[in-house]
Amino acid sequence: MSFMDILEQYANNAGTPASTPETERHFDQVAQQAPRDVLAHGITQALASDQTPPFQQMVAQLFEHSDPQQRAGLLNQLLAAIGPAAMSSIASGAFGSALANAVRGASTGAPQVTPAQASQVTPEQVQTVAEHAQQKDPGIIDRVGSFYAQHPQVVKALGGIALAIALGRMHRG
C-alpha cells in the first residue's frame, strides 16, 4: 500500500479519527515516504486538534520521549516563542536554576539550551513553558510540528488517535 493510499484511508474517516492496531505502522510508512512539509502539517494538526489532549500536555509527552538533543531543540523553540522580556521570569519560576542561567545568558536573541541543561528539566516544567509559549505566540504549534517532522519516531509516543488525526490531515494538507 502506497503512502497516498494510507492517507486516503485515514482521510475517509470523517468526523472521529479511527485508531487501529496498524496506525503506528502506517504512520512509520508515511513518515518515511511523505515530504517533510506534509508530515509537519499532519503533526501540527494533531497538536492543535480538539480531539487530542491540550497542546502543552502533548508537548510534555513529546519532551519526555525525546533524546537530550531533541529536548534542547524543543526548549529552544518554546523559549524563543516566549520572547526575551518574559523568558527570565517564566524560566526562573518554571525551571528553578536548571535553565535560569541559560536564559539570563541570552539577553540578545533566543537562548541556546544545551542537551545537558535540557536533561535537568521535567516534562511538567516543559508543560508550563509550552502553555506560556502558546499564549504568547500561537504559531509555536506550527514550529513544534515542523520540529517533530524531523523526528517522527518520537511522535508515535502521542498514541493512536493523534497519529490517526495526523494521517488524515496530511491527505488534506
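Readers should treat all values here as calculations from the given coordinates under stated rules, not as data from a laboratory. Quantities reported herein were computed from a predicted structural model and do not represent experimental measurements. No Cβ is skipped: glycine too gets one built from the backbone with ideal geometry, and neighbour counts run over all protein chains shown.
Using a Förster distance of 25 angstrom, determine the FRET efficiency expected from the C-beta separation of Ser2 and Gln51, and round it to 0.05. Efficiency for this residue pair is about 0.45. Over all other residues within a Cβ to Cβ distance under 14 Å of Asp137, the charged ones net out to 0, with Lys and Arg as +1 and Asp and Glu as -1.
Among Met170, Met1, which comes first, then next, by fewest other beta-carbon atoms within 10 Å? Write down the numbers at each step before the final one.
On the way: Met170 28, Met1 10.
Lowest count first: Met1, Met170.
The Gln153 and Glu22 beta-carbon pair, evaluated with R₀ = 22 Å, returns a calculated FRET efficiency of approximately 0.85. How much net charge surrounds Ala164 when only the other residues with a Cβ under 11 Å from the Cβ of Ala164 are counted, with Lys and Arg +1 and Asp and Glu -1? Once positives and negatives cancel, what remains is -1.
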